[in-house]
Amino acid sequence: MTVLTVAQATVRFLANQWTERDGVRQRLFAGCFGIFGHGNVAGLGQALLEAGDALPYHLPRNEQAMVHTAVGYARMRNRLSTFACTTSIGPGATNMVTGAALATINRVPVLLLPADTFATRVASPVLQELELPGSLDVSVNDCFRPVSVFFDRISRPEQLASSLLAATRVITDPAATGAVTLAMPQDVQAEAHDFPEELFAERVWKVRRPAPAAEDLAEAVELIRTARRPLLVSGGGTIYSEATGALRALAEATGIPVAETQAGKGSLPFDHPSAVGAIGATGTTAANTLAREADVVIGVGTRWSDFTTASRTAFQHPGVRFVNLNVAPVDAYKHAGVPLVADARAGLLALADGLRGWSVEGDYAALAVRLAQEWERTVTRAHTLGHGPLPAQSEIIGVVQELSEPADVVVCAAGSMPGDLHKLWRTRDPKGYHVEYGYSCMGYEIAGGLGVKMADPSREVTVMVGDGSYLMMAQEIATAVQEGVKLTIVLVQNHGFQSIGALSESLGSQRFGTRYRYRGADALLPVDLAANAASLGAQVLRASTVEEFRKALAQARAAEVTTVVHVETDPSVPAPDSESWWDVPVAQVSELESTRRARVAYEEGRRAQRPLL
Ligand SMILES: Cc1ncc(C[n+]2csc(CCOP(=O)(O)OP(=O)(O)O)c2C)c(N)n1
Ligand SMILES: [Mg+2]
C-alpha cells in the first residue's frame, strides 16, 4: 500500500496510463495544464510540483483556452493522447464548461479536473461557493454533467481508484470519448489515504479496431452493389482511425467519388481523381451536385451535422439510402442507414473486400472528375481575384496555400473563414486541415493551434483568425511565447462579424449588430489588434496588399518565434457559391419588408428538406 494524497495519487495514476493501437504505444496524458487558486493550489498544484517530469505542467492564461489546447493536441494525435486540465473552484472551473462542450461535441478526449468546494462543508460557504436554498449537494461543477461523457465527484478518497479506472476506460474508447470530468473537492485533494499499489502500475489501454457484424456488412455490400450513383462522405472518423489509405483503396477499386465534411477534409489529397471536395452548406458544387442525385450514400466516420447535409436538403434522390460506417452507434444509425458499427479502417477494408469486382459505371466516374475539375478552376479564380484596394479573404487563403508545404497544418474555427477554407483549401495531408467545426467556437483558433503545434512540432502551423475571434481569446499568444512554441497567426481584420453580417443580411436583418463601429456612426474604432498581439510577446508584421501579405507571410514562416501577420480585408467579397442551403429560421411575422422577403425565401428553402427517416 502507498500513502499519498488524493491529488498525488491522481497524478501518479495519470502518469502511468498509455494507449496502444496497431502496436504503437503512447502516453495517454502528455502533461497537465492548470490555473491555480485556493481550490487546487495545495492539492493538485502540490502534487504536480512533486511529480515533476512524470507529468509535465504547463501554465495557460485562461481555463477555456487550455481545454482548446488539449483538444487541438488530442485531435492532432488521432485521439490517442491528450492533456489533463486542472482548475480552482468556481469561475476557474466554469470557465472550462465551454471547452468541455467543445470536446464532447467534437468527440475528442480531454480530462478535466475542476476543483470543488469542501466535501466536509465545515467552512461553507467558501469563497466562490454556490449556495442554492433548496440543495446543498449541488455545486457549479454540476454544469459539467450535460457536456461531459463521464462525470464524477470524488467526495471520499476510497472512491478514487474505481473512478480513475472508469474515467480512463471512457476517455480511451473512440465510441464514447469526449470531456471526462472528475470534480475534486479542495479538502479531499489534500487528504492522505493508503492506496493499493496496483493502482499505480503501468496500464496500457488498447484501442481496438472492431469489425462490422457480418450480417450488416452483407446488407451494406448488397445495397452498394445496386447503386448507380453512390457517394462516399468521409468525416473526422476516417482521419482519427488512420483509414485514409483504406478509403483511397476503396475509392480507386470502385470508382465511388469521395466528398469530405469539415472534420474529414484531408481524407483524400485534393487532386486525387476520386476527390470531389467539401460537401454541404460550405461544399463544392462538385460534391453537392453528386449528393443531390446520389442513390446510396456511404458515410464514414461522420455524425451528419446540418452543415454536411445542408440541413437535410443535400440528398434529393427519392429513394436515397444510407450506409453509415461509424465506431459510435449513435452515428451509425442515423438517416435510417445500414449501420456498420465498426472502426473506419476495419470497415473500409471489409467493404472493399465485399465489393471486389464491382465498380461504378465509367460515365459516372467521368462526371465526378469533370465536376471536380470545374470546381478547381473556381478555386484558382477565388485565390487570385486581383480585388482592390483591400484584398478579398479568398486571396489571403490563396497566398497561405501558395506558401504552404503539404504537411503544414492550417487551423481555424469560427467566422467566415471555416466555410471559405472548406471550399477553397487544397489539402494534401490527412492532418493538414484542422478546422474545429463541431462547436465552431470563437477563440479556439490560437489556443487550439498551440495544441496542434505541441502535438507535432515538426509541422508548420498556420492559425487563421478573424478580428472577432481574436478579440474573444488571443491571450494564449503569451502561452505560446512562454512555451517556446512557434505559431504563424494570420489575423484577418474586417472590423466585425463578416460571417454573421452576411447571414443577417441574407435573412433580412440588415447586418444588425455585426459591425465594430462607434455607436450611431459609421467610423471605425481606433482598435489596433497588431499592437495588441505585439504586447503579448509576438513578432508582428502588417500587410495591406496581397503582395505585402505574401512577403510578410514568408517572413513569418521563416521566423523561429510566434509571428502574427495582420492583414485588412474587404468583407464584401463572398467565397464562391456552394449551391446549397442552411436552415436558419427567419421571423414569421415582421414589420420589416427585408424580413418578410427573407421569410418567403426561407419557406421556399425548407421545401427541399427531407426527414431522412
Ligand atoms: C463563442 C462564440 N460566440 C458566438 C459565435 C457566433 N459567431 C459565429 S462567427 C461570428 C463572428 C466571427 O467574427 P470574426 O472572427 O471577425 O470572423 P468574420 O465573421 O469577420 O470572418 C460569431 C459571432 C460563435 N461561433 N462562437
Ligand atoms: Mg471579422
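The values are calculated or read from the model by the stated rules, or taken from the named source; none is laboratory data. Predicted model only: the values in this text are computed from it and were never measured. A quick note on method: Cβ atoms are made from the backbone with ideal geometry, for glycine too, and the neighbour counts reach across all protein chains shown. The protein model used for the area step is the full one, side chains on, heavy atoms only, and it has no ligands, DNA or RNA in it. Shrake-Rupley method; radii C 1.70, N 1.55, O 1.52, S 1.80 Å.
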Could you say which residue among Val485, Val481, Val584 is under 30 Å from Asn288 (Cβ atoms), in contact (Cβ under 8 Å) with a residue 60 or more places away in the chain and among the β-branched types (Val, Ile, Thr)? Val584
Collect the residues in the range 425-460 that are assigned to a loop (DSSP other than H, G, I, E, B) and closer than 19 Å to Ala275 by Cα, keeping them in residue-number order. Trp425, Arg426, Thr427, Arg428, Asp429, Pro430, Lys431, Gly432
Asp456 is checked against (1) surrounded by fewer than 21 Cβ atoms within 10 Å (Cβ to Cβ); (2) within 13 Å of ligand 2 (Cβ to nearest atom); (3) of a type outside the set (Ser, Thr, Tyr) and fails just one. What number does that condition carry? (2)
Among the listed residues Leu367, Leu348, which satisfies the condition of being open to solvent by less than 30 Å² (accessible area, probe 1.4 Å) and in a helix (DSSP H, G or I)? Leu348
Within the range 502-526, residues being free of Cβ contacts under 8 Å to residues at least 60 places away in the same chain and either more than 16 Å from ligand 2 (Cβ to nearest atom) or surrounded by fewer than 15 Cβ atoms within 10 Å (Cβ to Cβ) (or both) number 12
Need the failing condition index for Phe200 against (1) over 30 Å from Pro157 (Cα atoms); (2) more than 29 Å from the chain's Cα centre (by Cα), just the number. (1)
Give me the residue from the range 566-613 that is buried (at least 19 other Cβ atoms within 10 Å of the Cβ) and either touching a strand residue (DSSP E or B) at 6+ places or on another chain (Cβ under 6 Å) or hydrophobic (A, V, I, L, M, F, W, C) (or both) and, out of that set, nearest to Val320 (Cα to Cα). Trp581
Kindly indicate the residue of the range 321-337 that is of a type in the set (A, V, I, L, M, F, W, C) and part of a loop (DSSP other than H, G, I, E, B) and also nearest to Leu612 (Cα to Cα) among those meeting that condition. Ala328
Can you tell me which of Val481, Val561, Val527 is more than 16 Å from ligand 1 (Cβ to nearest atom), at pLDDT 95 or above and assigned to a loop (DSSP other than H, G, I, E, B)? Val561
Filtering the range 225-258 for residues that are within 27 Å of Asp22 (Cβ to Cβ) and in contact with a strand residue (DSSP E or B) (Cβ under 7 Å, 6 or more places away or on another chain) leaves a count of 10
Options Met472, Met442; residue that is open to solvent by 30 Å² or more (accessible area, probe 1.4 Å) and touching a Ser or Thr at 6+ places or on another chain (Cβ under 9 Å): Met442
Working only within the range 299-320, note down all residues that are under 22 Å from the mean Cα position of the chain (by Cα) and either among the β-branched types (Val, Ile, Thr) or part of a loop (DSSP other than H, G, I, E, B) (or both). Val300, Gly301, Thr302, Arg303, Trp304, Ser305, Thr308, Thr309, Ala310, Ser311, Arg312
Is there a residue being of a type in the set (D, E, K, R), assigned to a helix (DSSP H, G or I) and assigned by the TED database to the domain that holds Pro318 anywhere in the range 239-249? yes
Lone qualifier among Val341, Val360 - being in contact with an Asp or Glu (Cβ under 8 Å, 6 or more places away or on another chain), open to solvent by 10 Å² or more (accessible area, probe 1.4 Å) and among the aliphatic types (A, V, I, L, M): Val341
Selected residue [aliphatic (A, V, I, L, M) and open to solvent by 20 Å² or more (accessible area, probe 1.4 Å)] from Ala213, Ala220: Ala213
Checked the range 282-298 for anything open to solvent by 10 Å² or more (accessible area, probe 1.4 Å) and over 17 Å from the mean Cα position of the chain (by Cα); matches are Thr285, Thr289, Arg292, Glu293, Asp295
Could we say that Leu340 is part of a helix (DSSP H, G or I) and touching a helix residue (DSSP H, G or I) at 6+ places or on another chain (Cβ under 7 Å) here? no
Of the numbered conditions (1) within 16 Å of ligand 2 (Cβ to nearest atom); (2) not in a loop (DSSP other than H, G, I, E, B), Ala414 satisfies every one except a single condition; which is it? (2)
Would you call Val490 aliphatic (A, V, I, L, M), in a loop (DSSP other than H, G, I, E, B), at pLDDT 95 or above and within 16 Å of ligand 2 (Cβ to nearest atom)? no
Thr488 near ligand 1 (Cβ under 8 Å from one of its atoms) and farther than 18 Å from Gly99 by Cα: no
Could you check how many residues of the range 27-55 are open to solvent by 40 Å² or more (accessible area, probe 1.4 Å) and either under 22 Å from the mean Cα position of the chain (by Cα) or not small (Gly, Ala, Ser) (or both)? 8
The correct count of residues that are part of a loop (DSSP other than H, G, I, E, B), touching a strand residue (DSSP E or B) at 6+ places or on another chain (Cβ under 9 Å) and either within 28 Å of Leu127 (Cα to Cα) or without any contact (Cβ under 8 Å) to a residue 60 or more places away in the chain (or both) in the range 42-85 is 5
So which of Ser499, Ser506, Ser469, Ser458 ends up being among the polar types (S, T, N, Q), on the phi < 0 side of the Ramachandran plot and more than 14 Å from ligand 1 (Cβ to nearest atom)? Ser458
Tell me, which strands (runs of 3 or more DSSP E) lie completely within the range 127-200 with 3 or more residues that are over 29 Å from Pro329 (Cα atoms) and open to solvent by less than 50 Å² (accessible area, probe 1.4 Å)? none
Name the residues in the range 376-415 that are among the hydrophobic types (A, V, I, L, M, F, W, C) and farther than 29 Å from Gly451 by Cβ, would you? Ala382, Leu385, Leu390, Ala392
Looking at Leu541, is it open to solvent by less than 50 Å² (accessible area, probe 1.4 Å), more than 27 Å from the chain's Cα centre (by Cα) and free of Cβ contacts under 8 Å to residues at least 60 places away in the same chain? yes
